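Worksheet: the structure to be examined is printed underneath.
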Amino acid sequence: MYASREDVGYDFGGDSKVGSKPVKPNPNIDGGWAWMIVFSSFLVHILIMGSQMALGILNIEWLEEFNQGRGLTAWVSSLSMGITLIVGPFIGLFIGMCGCRKTAIMGGLLNALGWILSAYASGVHYLFLTFGVTAGIGSGMVYLPAVVMVGQYFQKRKALAQGLSTTGTGFGAFLMTALMKYLCIEFGWRNAMFIQGAISLNLCVCGALMRPLSPKDIVSEKHVLRSNSEGNHAKALSHSAETIKSSGVLSEELEKKETAKEEVLDSVQRIEIGSKSQSERSVYGLCILKTVSQVMVTVRKGFAIWYSSYFGASSLFTNRVFVAFIIWALFAYSSFVIPFIHLPEIVKQYNLPSQNNIFPLTSIIAIVHIFGKVILGIISDLPCISTWNVFLMANFTLVTCILTLPLMQTYVSLAVVCALIGFSSGYFSLMPVVTEDLVGTKHLANAYGIIICANGISALFGPPFAGWIYDITHKYDFSFYISGLLYMVGIILLLIQPCIQKKQTREKPAEGAEV
């Protein structure tokens with residue numbers, strides 16, 4: 001979607017000539033440097049998504065430090081999570097103008113800056129700007145290029161590559177939760193955020209690994225073709241010059257013209273030497289104007305690509321099943337995020353900190369989430385099983401766990417429910433496949449971007465809503481009940497709309513037959 005012909009590294013034809021050598025495919029496609037891209041994307045998921053899943057540890061520290069309501073404090077984590085996904089469609093504009101590598105490096109610097117500035121926070125509202133907005137935008141500027149580059153480097157094994165890279169979310173949630181807890185205990189939450197900001201600078205290294213595709217063999221071949229054509233053109237000019245000079249009359253006229261040209265050139269050189277000081281000033285002005293014009297052309301071109309990619313997909317909203325899918329996405333992701341933000345405090349209220357310190361519940365979700373992605377992907381690839389049915393069953397399991405979580409008040413029961421939440425949330429790996437089945441391959445990129453943006457809105461409002469409900473009722477039970485019921489509404493819409501669409505498609509041929 002964001003790749004140009006130079007980025008992908010293929011020649012799409014139109015320049016072929018007789019006798020030219022066939023263009024070899026890039027060896028880095030589905031191999032070679034492509035696996036370094038997967039490794040880079042894996043690290044990005046650890047450092048960004050994993051760190052966001054560990055924000056429940058910092059949420060407790062912020063509550064004790066600033067003595068604000070849980071709803072207000074939860075906005076810090078939700079802003080960071082939500083903005084990372086919401087800005088995805090807009091980051092495409094930067095990718096179109098600067099490329100994935102530069103966008104990711106700038107995002108890594110911005111993310112690290114957000115973490116470091118948050119270490120000096122004087123209040124929750126300060127964290128809204130530094131951590132929620134600054135670090136959130138930086139995360140989005142790294143996250144989207146990491147996904148796009150894997151898609152560019154892989155053609156045959158794209159699903160495997162995306163699956164391997166996204167497992168970094170589970171590993172990151174497990175590692176970052178343990179790391180954040182250790183740093184907060186040993187150094188305090190402010191120094192922990194400062195250290196995390198230094199660790200986030202590794203995102204710039206991940207961005208540097210996102211090398212754009214530009215195969216040397218294609219470049220050298222185009223250079224050979226171009227040099228051959230220039231050589232033939234030069235030979236033709238020399239041959240024509242020799243034929244002209246062969247005639248005596250024409251050769252005399254050519255000599256006169258050459259002497260006249262030399263006189264004109266001498267006079268021009270004298271004028272240029274005389275006005276050298278003035279011309280240097282004008283050259284600087286022309287260079288500035290040229291640079292500004294090039295930037296404006298690049299911005300306009302990138303904006304045109306971005307606008308046609310996202311706002312040119314209005315036909316998607318005529319698909320009722322896809323609209324139901326968007327409504328589902330608005331409710332689904334918050335049900336997965338709320339436990340990560342509020343579980344540490346729930347454990348504290350149930351007087352289970354000693355057991356949770358040995359093996360945190362959020363770490364259980366993260367580890368089982370990895371296996372859930374792999375196992376659900378394998379099951380959905382079986383020829384006798386529908387991916388849509390696996391997707392719905394996983395959603396039903398997850399919403400059931402969300403509704404029953406408040407009833408569990410022992411560590412063992414909470415651990416079992418958290419394990420089921422982690423496994424059933426592995427349906428995230430099936431979302432691109434389900435989206436493609438709904439809208440087709442042509443609109444997959446645009447449709448998936450819209451779904452991710454809807455997930456970002458869900459992550460933005462879910463945790464603050466749960467905290468606000470706690471501030472009113474002094475319990476988290478109603479937060480899980482309400483979010484679970486809204487999630488159930490989205491699942492029911494996914495069940496109803498395909499049935500209605502099939503019924504309408506059956507009635508249309510019947511009406512045509514009656515006419």
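The values are calculated or read from the model by the stated rules, or taken from the named source; none is laboratory data. All values reported here derive from a predicted model rather than from experimental measurement. Every residue, glycine as well, gets a Cβ built from its backbone with ideal geometry; the counts of neighbours run over all protein chains shown. All accessible areas refer to the heavy atoms of the entire protein, side chains included, with ligands and DNA or RNA removed. Shrake-Rupley method; radii C 1.70, N 1.55, O 1.52, S 1.80 Å.
Tell me, which residue of region 177-196 that is open to solvent by less than 50 Å² (accessible area, probe 1.4 Å) and at pLDDT 90 or above is nearest to Phe66 (Cα to Cα)?
If we filter region 177-196 for residues that are open to solvent by less than 50 Å² (accessible area, probe 1.4 Å), which is where we start, we get 177, 180-181, 183-184, 188-189, 192-193, 196.
Adding the requirement that they be at pLDDT 90 or above leaves 180, 183-184, 188-189, 192-193, 196.
On the way: Met180: 19, Leu183: 19, Cys184: 16, Gly188: 14, Trp189: 12, Ala192: 17, Met193: 16, Gln196: 21 Å.
Here the answer is Trp189.
Of all residues assigned to region 45-56, at least one qualifies as being in the same structural domain as Ala178 (by the TED database), modelled with pLDDT of 85 or more and of a type in the set (Gly, Ala, Ser). If the condition is being open to solvent by 50 Å² or more (accessible area, probe 1.4 Å) and either in a loop (DSSP other than H, G, I, E, B) or farther than 19 Å from Tyr481 by Cβ (or both), then region 395-425 contributes Met408, Gln409, Thr410, Val412, Val416, Phe423. Taking first residues from region 395-408 that are assigned by the TED database to the domain that holds Ile365 and partners that are surrounded by 17 or more Cβ atoms within 10 Å (Cβ to Cβ) and outside any helix (DSSP H, G or I), the Cβ contacts under 7 Å between residues at least 6 apart in sequence or on separate chains come to Pro406/Tyr476. The residue pairs whose first member lies in region 163-179 and is touching a residue at least 40 places away in the same chain (Cβ under 8 Å), whose second member is surrounded by fewer than 19 Cβ atoms within 10 Å (Cβ to Cβ) and outside any helix (DSSP H, G or I), and whose beta carbons are closer than 9 Å, counting only pairs six or more residues apart or on different chains, do not exist in this structure.
For every residue, the table says whether it meets (1) open to solvent by less than 10 Å² (accessible area, probe 1.4 Å); (2) within 21 Å of Met393 (Cα to Cα); (3) at pLDDT 75 or above; (4) not in a helix (DSSP H, G or I).
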{"position": "Tyr427", "(1), (2), (3), (4)": "yes, yes, yes, no"}
{"position": "Leu438", "(1), (2), (3), (4)": "no, yes, yes, no"}
{"position": "Thr441", "(1), (2), (3), (4)": "no, no, no, yes"}
{"position": "Ile450", "(1), (2), (3), (4)": "no, no, yes, no"}
{"position": "Ala459", "(1), (2), (3), (4)": "yes, no, yes, no"}
{"position": "Pro463", "(1), (2), (3), (4)": "yes, no, yes, no"}
{"position": "Tyr470", "(1), (2), (3), (4)": "no, no, yes, no"}
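Being in a helix (DSSP H, G or I), modelled with pLDDT under 90 and either more than 30 Å from Leu127 (Cβ to Cβ) or hydrophobic (A, V, I, L, M, F, W, C) (or both) is a condition met by at least one residue of region 197-216. For Leu144, indicate whether it is surrounded by fewer than 20 Cβ atoms within 10 Å (Cβ to Cβ) and assigned by the TED database to the domain that holds Ile60. The answer is no for Leu144.
The helices (runs of 4 or more DSSP H) falling completely within region 48-132 that include 2 or more residues that are open to solvent by 10 Å² or more (accessible area, probe 1.4 Å), within 19 Å of Cys184 (Cβ to Cβ) and of a type in the set (A, V, I, L, M) map to 55-66, 100-118.
Going by the structure shown, is Ile379 surrounded by fewer than 20 Cβ atoms within 10 Å (Cβ to Cβ), in a helix (DSSP H, G or I), touching a Leu at 6+ places or on another chain (Cβ under 8 Å) and among the β-branched types (Val, Ile, Thr)? For Ile379, the condition - surrounded by fewer than 20 Cβ atoms within 10 Å (Cβ to Cβ), in a helix (DSSP H, G or I), touching a Leu at 6+ places or on another chain (Cβ under 8 Å) and among the β-branched types (Val, Ile, Thr) - is not met.
Annotation note: of Gly138, Gly172, the sole residue that is at pLDDT 90 or above and surrounded by 24 or more Cβ atoms within 10 Å (Cβ to Cβ) is Gly138.
Are any of the residues in region 154-161 open to solvent by less than 50 Å² (accessible area, probe 1.4 Å) and of a type in the set (S, T, N, Q)?
Here is the first cut: in region 154-161, the ones open to solvent by less than 50 Å² (accessible area, probe 1.4 Å) are 154, 161.
Right, trim to of a type in the set (S, T, N, Q) and you get none.
No: zero hits.
So is Ile364 part of a helix (DSSP H, G or I), loosely packed, with under 15 Cβ neighbours inside 10 Å and either out of contact with any strand residue (DSSP E or B) (no Cβ under 7 Å at 6 or more places or on another chain) or in the same structural domain as Met53 (by the TED database) (or both) or not?
Values: part of a helix (DSSP H, G or I): yes; loosely packed, with under 15 Cβ neighbours inside 10 Å: no; either out of contact with any strand residue (DSSP E or B) (no Cβ under 7 Å at 6 or more places or on another chain) or in the same structural domain as Met53 (by the TED database) (or both): yes.
No; evaluated as a whole, the condition is false for this residue.
The requirement of being outside any helix (DSSP H, G or I) and surrounded by fewer than 20 Cβ atoms within 10 Å (Cβ to Cβ) is not satisfied by Leu392.
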